Amino acid sequence: MKVSTKQPSITLYPLKDDGQFPNSIYPVLLYKNVLDIPFFRPAAYIEKLFKRNNWYNFWRSGIYEFNHYHSNTHEVMGVYKGKATLLLGGSEGIRVTIEKGDVLILPAGVAHQNLQSQKQIKCVGAYPNGIKYDMKYGKSDERPQTDDNIKKVSVSIKDPVYGKLKGIPEYWSHV
């Protein structure tokens, strides 16, 4: 199991609470072109990589076309087919394009929405330690409980791609 031999780049996207969505004190991490996706069983390849670093409770699908977030866990998405533009952080957030070979790590609380068709992209999603995620939509009655949930989510975890070498340990441990 290896990551891409191409030169991947890691981009950090800090997103602040916008009043509707809590977002996070930790930046979103986008690893462009990091996965060397095989022709056969591409989703299984990503699952094996994530599982090795203790991220599981997998799903295989597109990305929802509405704003949502998880207050009790972080989320990773590995793209094995297609391309999509996502809105991160709510209506005043940022647009990010993800495509085959990319990995997107969303800290707990970060709103995300596919601005295109859910069918244009295929991902494997997973959660640290296989946590069963909750679904939140930015409704006023979700807070302050979701804020309390987010504060309890650990960042003492392995990165789903790099393990203890870089990524989450490098970018989230000093916040």
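Quick notes on this one:
- Length gained when the stretch Lys119-Lys48 is fully extended (0.36 nm per residue, less Cα-Cα span): 23.2 nm
- Take the Cβ atoms of Lys166 and Met135, set R0 to 25 Å, and the FRET efficiency comes out at 0.25.
- Simple Cβ-charge dipole of the stretch 99-175, Lys/Arg +1 and Asp/Glu -1, about Cα centre, in debye nearest 20: 200
- Over the stretch 14-169, accessible surface divided per residue gives 47 Å², non-protein components excluded, 1.4 Å probe.
- Sulfur and carbon atoms: percent of accessible area, the chain [1.4 Å]: 50
- The distance separating the Cα centre of the stretch 94-127 from that of the stretch 32-82 comes to 9 Å.
- Dipole-positive endmost among Ala108, Val153, Gly130 within the stretch 95-175 (Cβ charges, Cα centre): Gly130
- The C-alpha atoms of the chain define a longest principal axis, and helix 42-52 lies at about 70 degrees to it.
- Basic side chains Lys and Arg get +1 at the Cβ, acidic Asp and Glu get -1 at the Cβ, and with that the dipole of the stretch 60-124 about its Cα centre reaches some 320 debye.
- When the alpha carbon gyration tensor of the stretch 12-103 is reduced to an equivalent ellipsoid, its three semi-axes come out at 25, 15, 12 angstrom, largest first.
- Under 19 Å of direct C-alpha separation, and excluding same-chain neighbours fewer than eight residues apart, Lys151 reaches these lysines: Lys16, Lys132, Lys136, Lys139.
The values are calculated or read from the model by the stated rules, or taken from the named source; none is laboratory data. Computed from a prediction, not measured in an experiment: that's the story for all the values here. Glycine gets a Cβ as well: all are built from the backbone with ideal geometry, and neighbour counts include every protein chain shown. Only protein heavy atoms, including side chains, enter the accessible area calculation; ligands, DNA and RNA are left aside. Shrake-Rupley method; radii C 1.70, N 1.55, O 1.52, S 1.80 Å.
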